[in-house]
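> What follows is a structure written as structure tokens; I'll ask about it next.
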């Protein structure tokens, strides 16, 4: 149940931020981005454990996913990812969000 709630919250945040940056993709793309981010972080953290190397590798993979899903470049995907991370960190203080880049 918490996974579904967290997925919905993370999806909405990704969707809104992508829209603010002029992306035209719909909510389906945001759901896929949220799922990919979570799965990538879970796998990398399972294999490498917690730490900066795991976070860096998972972050790069998520940036690649954002680039592919939204057809954007490195800089824009990095800016979107950072803004998503900041917003989800703030929202996460009050509501459940997924682990990983979200």
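> Compute the separation of the alpha-carbon centres of segment 23-52 and segment 2-22 and state it in Å as a whole number.
Value for the Cα centre distance between the two parts: 12 Å.
> Same structure again: Mean separation of Cα pairs under 8 Å and 6+ residues apart, divided by the residue count of the chain: what relative contact order is that in percent?
40
Where a number appears in this text, it was derived from the coordinates with a stated rule and is not lab data. Here the structure is a predicted model, which is why all the values come from computation and not from measurement.
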